[in-house]
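Single-structure report; data block below.
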Amino acid sequence: MGSLIAYSFLAALIVGGALGVVTSRNVAHAALFLLTTLAAVAGIFILSLAEFLALVQVLIYGGAITIVLLFALMLTRLEEFSNVRDNTQWPMAIIASVALLVVLVGAIFASRPSGAALRGASFQEVGTQLFTKWAVPFEVASLVLLVALVGAFLLARGGGNPGDDGIRDGGNRS
Amino acid sequence: MLGMEQAWLQPAICAVAFVVIALPGRVLPRSGAWLGPLAILSAFVIFWFVLSDLLKNGPATFSFTWLEAGDVRIMWGMILDNLSVSMLGLVSFVALGVQVYSWAYMSGEPRFGWYFAVHSLFAASMMVLVLADNLLFMYIAWELVGLCSYLLIGFYYERRSAAEAAKKAFVTTRIGDVGMLIGILLLYKTVGTFDISGIIHAAQHVGEPGNPLSSVMLTVSMLLIFAGAVGKSAQFPLHVWLPDAMEGPTPVSALIHAATMVVAGVYLVARMFPAFEMAPTAMTVVAVIGLITALLMSFLAVVMTDIKRVLAYSTVSHLGFMMLALGSFGVGAAIFHLFTHAFAKAMLFLSAGSVSHGVHGKLDMREMGGLRSKMPVTFACMAIGALSLAGLFPLSGFFSKDAVLGTVLAGRGPVFFILTLVAAFFSAFYMARLVLVVFTGQPRSHEAEHAHESPVLMLIPLVALALLTIGATVLAFPIAGHANFGQFIYPAGEAEHFQLWLAGLSTVTAGAGLLMGWLIYGTHAISPSFFRDRFPAVQRVLEHKYYIDDFYQWVIDHIVLGVGGFVALFDRIVINDVGINGPGRSVVQTGNKLRLHVTGQLPNYAMVMVLGAIVIGVIWWLFAVRA
Amino acid sequence: MTLLHTELLSAVLFVIGLYGVLARRNAVLVLMSVELMLNAVNINLIGYAAFTDPGRVLGQVLAIFVITVAAAEVGLALAIILRLYRNRGTVNLNEINLMKW
């Protein structure tokens, strides 16, 4: 019962934060709403007895990703940040989203999810699995990260000024 | 030794002359035009070898396979019998005379070489037409002579009237030619051959069991082939092109539109005569058309004032005589008349050319007069030709007309006979008028006062033809083992016997016509306006040539152009705009609309992806979950 | 708290993220919305790992991979956004229509 209360609180936080992200007129506020949501998701992980994931969530999302996003915001149009506008297709977006929600909820109820009692996995269990059974995908994932890192570096590093079409002096000028 | 087997050399030489003059000729002296007379001269020489071979060894045919496709086998060959060899001689002789004459007449004209090139092509095609032993081959030559006629009528194409006349001649004869082509193909479809002998054989056994050719089919195809003859030989109602064809140079009129090409129709019917004979209805049509032509056109020749047009209508009228003789089962008489008429009319046209040469290109008889003393040779020749055509003893025209009259009386009865006599009377009358108006009386124009005789080169063919016009009389007497020329041409026919009462009647008729001409135009005992004043309506109808041209013009303006306009509109709107451009335009328009969905904006694409996902979800819901 | 709750929460979060992707104009905000959607997926994975998986670990491992890929994606996407901003002077998605007809 206590967990349900905690869960409801976190869920409210998640949904509210998410709505804040997608509706906020101020980009900085949106980033803060995102941080709230991500932290609440970490709380959900803890409730689900996945402590390791909760830690990862806080470290990577709450730390790295949010910071990078804020960096990006600062490096681009600051003057518009306080008053961003939405697409002209936003009413259609609402309709599509609600429709998808209906489909998903319908699917959830149609599949009648039934779970056994809540059981967690210790750090040790996750670590063992990750470095034995999932070792190869794990290594591939790290390779993906490396490639993404190098790619991001090359892309962001190249020169050029606003108005350049960037085709002649693409990021691989180094 | 040259013989019948080498007869193909005659057209071949002329064809080569055409190619040489037309293509590299302009680098030769005088544009290489001298090749034309040279070629036709050698063809004329070959003719004598062919003729002697024919008289010695009798008729023969030579043919080889031209093309073979499956069961279809088309031959390319020549038929050499009395008819075709005689025609060969006529063509090569008149062509030779006219080319010699043209050498002087056309000197100084532009396109001198081209003139002789087309002349050579014409001679070649005409000889092929005469020699051809199958209808397809003949049809090719038939169209080729039509082409030459077109080119020569329109020789002065800078003149609008000449270009129009050429077009008119081409289109009008084409109407008949289409019928002829249909007839030929119809015969091919039923009989299975283009060979004239094969078709005649089938026709002679028409209606017998096992013969694919039915009587009705024979009549229909013969009438269609006759349509070609009507067009080419300028028979009523397709005669309208021939008078206009006088826009061409006068020697051309002499050769093509008097002596040779226009008689191709007569030759065709004569060649196919055994087949025509088996189709009585077709024969009646031939006779009636011939009679109408002979009669109506002889009236028109009376009112014309242009010297060449008088001769043109006279030509049409006499072609009608020939057709009438054919329709009265008289091949010999028809071809006999063809020959005498060819000589006389070629000479008359050449004389007319000489006259207009003498009076500096004038053609209107009202501006001539009194030329007898100034152009004595021309006058003599023209008088001989006119009297021969009028049918006065002892000129050749008398005998051929006599043969025609006898044939008509025997074959078609008194009504046709009397009407033919009427036409013969007018024939004499307009000939008298022509000669008297041009050569007697006082000069009526400045040019006529200062007329001069033509150069010798022009007079030689004139005199030669004049001598032939007189000399052709021998054709009425036994020749080469036959009773006369007519039987020589068509041995299967009965020889007409010389009948004294008939000869007397025709002489009286001709004499009456000549006398009337003399009274009106010679002594002015009767005023020329005598008839005009009394029958103004008749005069008006004649001067408008029976309104036939106006009628055709009306048909073309209102019906042909109307239908054509509708068809063109249909083509432009339904076929072109809707049928051809429509799909293209609709594709372009659809594309223009469709390309708008490519907005280039990522949110739009994302939206479409989501909608697709929703649709997939719904489908899954409907088919996987609910089921 | 049951599996049903986690799934419903995941669905709602996913749809909200979707709305953000579709409706926002700023590329950085779209990226944030994508992160929301990824988190919705993670919640779902963890929920299943905790409630149904006998080995209990599979969902967590997959979630780690998702997070890894998300990190890579964010890094690359931000580099692209920077590049875009330098070349075209904007990060508004509807001003970027090079692929237009």
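The values are calculated or read from the model by the stated rules, or taken from the named source; none is laboratory data. Since we're looking at a predicted model, the values are computed, not measured. Counting neighbours? That spans all protein chains shown, and the Cβs are built from the backbone with ideal geometry, glycine included.
Take the residues of the stretch A:54-63 that are among the hydrophobic types (A, V, I, L, M, F, W, C) and under 20 Å from residue A:15 (Cβ atoms): which is nearest to the other protein chains (Cβ to nearest Cβ)?
Step by step, filter the stretch A:54-63, then rank; the result is A:54.
If you go through the stretch B:177-197, how many residues are at pLDDT 90 or above and touching a Gly at 6+ places or on another chain (Cβ under 9 Å)?
Of the residues in that region, 7 qualify.
Please specify each residue of the stretch A:94-116 satisfying the condition of being within 8 Å of chain C (Cβ to nearest Cβ) and either outside any helix (DSSP H, G or I) or aliphatic (A, V, I, L, M) (or both).
Of everything in the stretch A:94-116, those that are within 8 Å of chain C (Cβ to nearest Cβ) and either outside any helix (DSSP H, G or I) or aliphatic (A, V, I, L, M) (or both) turn out to be A:94, A:96, A:98, A:100, A:101, A:104, A:105, A:108, A:113, A:114, A:115, A:116.
Identify all residues within the stretch C:15-30 that are within 7 Å of chain A (Cβ to nearest Cβ) and buried (at least 23 other Cβ atoms within 10 Å of the Cβ); write none if there are none.
C:15, C:16, C:17, C:18, C:19, C:20, C:22, C:23, C:24, C:26, C:28, C:29
Would you mind listing the helices (runs of 4 or more DSSP H) fully within the stretch B:372-488 where at least 3 residues are under 14 Å from residue B:342 (Cα atoms)? Full working, then the answer.
On the way: elements: B:376-390, B:396-412, B:414-439, B:446-449, B:456-471.
Here the list reads B:376-390, B:396-412, B:456-471.
If residue A:26 satisfies all but one of (1) surrounded by fewer than 20 Cβ atoms within 10 Å (Cβ to Cβ); (2) under 18 Å from residue C:68 (Cα atoms); (3) more than 7 Å from chain C (Cβ to nearest Cβ), what's the number of the condition it fails?
Unmet for residue A:26, out of (1) surrounded by fewer than 20 Cβ atoms within 10 Å (Cβ to Cβ); (2) under 18 Å from residue C:68 (Cα atoms); (3) more than 7 Å from chain C (Cβ to nearest Cβ): (2).
Conditions first: (1) closer than 24 Å to residue B:552 by Cβ; (2) in a loop (DSSP other than H, G, I, E, B). Residue B:173 passes all but one, so which condition is the exception?
(2)
Within the stretch A:35-50, is there a residue that is within 7 Å of chain C (Cβ to nearest Cβ) and on the phi > 0 side of the Ramachandran plot? Before the answer, list the steps.
So in the stretch A:35-50, the residues within 7 Å of chain C (Cβ to nearest Cβ) come out as A:37-38, A:41, A:44-45, A:47-50.
Those still in the list that are on the phi > 0 side of the Ramachandran plot too: A:49.
Yes; the residues of the stretch A:35-50 include at least one that is within 7 Å of chain C (Cβ to nearest Cβ) and on the phi > 0 side of the Ramachandran plot.
Check residue A:19 against each of (1) within 15 Å of the chain's Cα centre (by Cα); (2) more than 7 Å from chain C (Cβ to nearest Cβ) and name the one condition it does not meet.
(2)
Is one or more of the residues making up the stretch B:143-158 aromatic (Phe, Trp, Tyr), surrounded by fewer than 18 Cβ atoms within 10 Å (Cβ to Cβ) and not in a helix (DSSP H, G or I)?
Yes.
Looking only at the stretch B:590-610, decide whether some residue is out of contact with any Gly (no Cβ under 7 Å at 6 or more places or on another chain) and away from chain C (no Cβ under 14 Å). Give the steps one after another, and end with the answer.
Quick first cut of the stretch B:590-610, residues out of contact with any Gly (no Cβ under 7 Å at 6 or more places or on another chain) only: B:590-610.
Filter once more, so that each one left must be away from chain C (no Cβ under 14 Å): none.
No, that holds for no residue.
In the stretch B:344-383, how many residues are at pLDDT 85 or above, within 21 Å of residue B:514 (Cβ to Cβ) and surrounded by fewer than 24 Cβ atoms within 10 Å (Cβ to Cβ)?
Looking only at that region, the number is 4.
Does residue B:542 satisfy the criteria of being within 30 Å of residue A:97 (Cβ to Cβ), at pLDDT below 90 and in a helix (DSSP H, G or I)?
The answer is no for residue B:542.
Yes or no, residue by residue, for (1) closer than 24 Å to residue B:300 by Cα; (2) crowded, with 22+ Cβ neighbours inside 10 Å; (3) not charged (D, E, K, R):
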{"residue": "B:411", "(1), (2), (3)": "no, no, yes"}
{"residue": "B:423", "(1), (2), (3)": "yes, yes, yes"}
{"residue": "B:430", "(1), (2), (3)": "yes, yes, yes"}
{"residue": "B:440", "(1), (2), (3)": "yes, no, yes"}
{"residue": "B:455", "(1), (2), (3)": "no, no, yes"}
{"residue": "B:465", "(1), (2), (3)": "no, yes, yes"}
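Exactly one of (1) facing another protein chain (nearest Cβ under 7 Å); (2) closer than 22 Å to residue A:120 by Cα is unmet by residue C:41. Its number?
(1)
Does the stretch C:49-63 hold any residues that are at the interface with chain A (Cβ under 8 Å from one of its Cβ atoms), touching a Gly at 6+ places or on another chain (Cβ under 9 Å) and surrounded by fewer than 20 Cβ atoms within 10 Å (Cβ to Cβ), and which are they?
C:52
Which is buried (at least 23 other Cβ atoms within 10 Å of the Cβ) and facing chain A (nearest Cβ under 7 Å), of C:46, C:67? Quick ask: steps written out before the conclusion?
Details: C:67 fails: buried (at least 23 other Cβ atoms within 10 Å of the Cβ).
After applying the criteria, what remains is C:46.
Would you mind listing the helices (runs of 4 or more DSSP H) fully within the stretch B:244-341 where at least 1 residues are among the basic types (Lys, Arg) and surrounded by fewer than 24 Cβ atoms within 10 Å (Cβ to Cβ)?
Because the criterion is at least 1 residues that are among the basic types (Lys, Arg) and surrounded by fewer than 24 Cβ atoms within 10 Å (Cβ to Cβ), the helices (runs of 4 or more DSSP H) in the stretch B:244-341 that meet it are B:307-327.
Which of the residues that make up the stretch C:76-101 are at the interface with chain A (Cβ under 8 Å from one of its Cβ atoms) and either within 17 Å of residue A:140 (Cβ to Cβ) or not in a helix (DSSP H, G or I) (or both)?
C:76, C:89, C:90, C:91
Failed condition for residue B:519, given (1) closer than 30 Å to residue B:441 by Cα; (2) exposed (fewer than 13 other Cβ atoms within 10 Å of the Cβ), with all others met?
(2)
So which residues in the stretch B:507-525 are under 14 Å from residue B:386 (Cβ atoms) and at pLDDT below 85?
Across the stretch B:507-525, the qualifying residues are B:521, B:522.
Residues that are more than 8 Å from chain C (Cβ to nearest Cβ), surrounded by 13 or more Cβ atoms within 10 Å (Cβ to Cβ), assigned to a helix (DSSP H, G or I) and not charged (D, E, K, R): does the stretch A:78-86 have at least one?
The answer is yes, given that some residue of the stretch A:78-86 is more than 8 Å from chain C (Cβ to nearest Cβ), surrounded by 13 or more Cβ atoms within 10 Å (Cβ to Cβ), assigned to a helix (DSSP H, G or I) and not charged (D, E, K, R).
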